[in-house]
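Structure, as structure tokens:
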């Protein structure tokens, strides 16, 4: 239940921005939150770091979903391979 509002809040930027940018921002936010939680001297700093990392993880998941829905239709997925020579 607590995750659903975050998906709604982070889903709008994923639809407006390219999924790759949201994915990179999510991973950077996750790493920053993890570093803050790992270096936190007090419990409150650790909790804030975990919250920041959780928001980054949520953005990452949403960006992956957005990228998967942007895939070409099933009948056209192999069309790019013939140009790549694979």
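The values are calculated or read from the model by the stated rules, or taken from the named source; none is laboratory data. Predicted model only: the values in this text are computed from it and were never measured.
Observations
- Whether a residue is modelled with pLDDT of 75 or more and over 21 Å from the mean Cα position of the chain (by Cα) was assessed, and residue 79 does not pass this test.
- Of all residues in the range 35-72, those that are at pLDDT 90 or above and over 14 Å from the mean Cα position of the chain (by Cα) total 17.
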